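Asks: Mind looking over this structure? Questions follow.
The values are calculated or read from the model by the stated rules, or taken from the named source; none is laboratory data. From a predicted model like this one, the values you see are computed outputs, not experimental measurements. So basically every Cβ, Gly included, is an ideal-geometry build from the backbone, and we count neighbours across all protein chains shown.
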């Protein structure tokens, strides 16, 4: 096979000047730009998802349940059936949450729309740490007893020897008297 000699510099310039080169292919647009319209349409059509649940979980289920649980995902049912909500529960609270499942489902369906969620799937595991801005519940100090009740309690325990037992009995008596006033 005969070999062709390579063109010299002048001939190379002439060849390149006479031929049109193919432009470089344009890179594809970012996926987010193309999908944003579709995502907006799907959100309008199918409603809110687990992101909305996570953002408003404390409002939906209440402070006590929200402290022990967090929504993980919403699994759509097949053939138009209702979805299943997967909830992560911290440790032994799973049994308590299971007993409150009908109430939790009712509240979630009130938020997402009637019949959106049919089942609650409970998964035990550690919860994500709460954000720094989340309000922690503050404990209220119980109101002190009035002077007459305190004097009566001290008089009743006057015979007991001083020490940790007497201090514990005083604390127990104060708690019992406060509970009788409350209820």
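Asks: In segment 127-148, which residue that is modelled with pLDDT of 85 or more and loosely packed, with under 10 Cβ neighbours inside 10 Å is farthest from residue 63 (Cα to Cα)?
Replies: 148
Asks: Working carefully through the options 120, 145, find the one that is over 30 Å from residue 175 (Cβ atoms) and either part of a loop (DSSP other than H, G, I, E, B) or not assigned by TED's automatic domain parsing to the domain that holds residue 172 (or both).
Replies: Going through 120, 145 in turn, the sole match is 120.
Asks: Additional query: Given the conditions (1) without any contact (Cβ under 8 Å) to a residue 40 or more places away in the chain; (2) under 30 Å from residue 123 (Cα atoms); (3) part of a helix (DSSP H, G or I), and given that residue 73 satisfies all but one, which numbered condition is not satisfied?
Replies: (3)
Asks: For segment 96-115: of the residues being in contact with a strand residue (DSSP E or B) (Cβ under 7 Å, 6 or more places away or on another chain) and free of Cβ contacts under 8 Å to residues at least 40 places away in the same chain, which is surrounded by the most Cβ atoms within 10 Å (Cβ to Cβ)?
Replies: First pass over segment 96-115, keeping only residues in contact with a strand residue (DSSP E or B) (Cβ under 7 Å, 6 or more places away or on another chain): 97-98, 101, 104-105, 108-109.
Subsequent filtering for residues that are free of Cβ contacts under 8 Å to residues at least 40 places away in the same chain retains 97-98, 101, 105, 109.
On the way: 97: 19, 98: 12, 101: 15, 105: 17, 109: 16.
For segment 96-115, the residue satisfying everything is 97.
Asks: Something else now. Suppose the filter is in contact with a strand residue (DSSP E or B) (Cβ under 7 Å, 6 or more places away or on another chain) and either closer than 20 Å to residue 109 by Cβ or not assigned by TED's automatic domain parsing to the domain that holds residue 116 (or both); does residue 76 pass it? Explain how you work it out, then say what you get.
Replies: Details: in contact with a strand residue (DSSP E or B) (Cβ under 7 Å, 6 or more places away or on another chain): yes; either closer than 20 Å to residue 109 by Cβ or not assigned by TED's automatic domain parsing to the domain that holds residue 116 (or both): yes.
Yes.
Asks: When segment 62-74 is examined, which residues are found to be within 11 Å of the chain's Cα centre (by Cα) and under 18 Å from residue 91 (Cα atoms)?
Replies: So the first thing to find is which residues in segment 62-74 are within 11 Å of the chain's Cα centre (by Cα), and the list is 66-73.
Once the filter is applied, which keeps residues that are within 11 Å of the chain's Cα centre (by Cα) and under 18 Å from residue 91 (Cα atoms), segment 62-74 yields 66, 67, 68, 69, 70, 71, 72.
Asks: Loosely packed, with under 11 Cβ neighbours inside 10 Å and in a helix (DSSP H, G or I): does that describe residue 10? Write out each step before concluding.
Replies: Numbers: loosely packed, with under 11 Cβ neighbours inside 10 Å: yes; in a helix (DSSP H, G or I): yes.
Judged against the criteria, residue 10 is a match.
Asks: When residue 67 is evaluated against the numbered criteria (1) modelled with pLDDT under 85; (2) surrounded by 12 or more Cβ atoms within 10 Å (Cβ to Cβ), which criterion, by number, is the only one it fails?
Replies: Unmet for residue 67, out of (1) modelled with pLDDT under 85; (2) surrounded by 12 or more Cβ atoms within 10 Å (Cβ to Cβ): (1).
Asks: Return only the number of the condition from (1) under 30 Å from residue 139 (Cβ atoms); (2) in contact with a strand residue (DSSP E or B) (Cβ under 9 Å, 6 or more places away or on another chain) that residue 85 does not satisfy.
Replies: It fails just one condition, (1).
Asks: Restricting the search to segment 159-183, which residues are part of a loop (DSSP other than H, G, I, E, B), loosely packed, with under 11 Cβ neighbours inside 10 Å and more than 38 Å from the chain's Cα centre (by Cα)? Break it down stepwise before answering.
Replies: Here is the first cut: in segment 159-183, the ones part of a loop (DSSP other than H, G, I, E, B) are 159-163, 183.
Then drop every residue that is not loosely packed, with under 11 Cβ neighbours inside 10 Å, which leaves 159, 161-163, 183.
Across segment 159-183, the qualifying residues are 159, 161, 162, 163.
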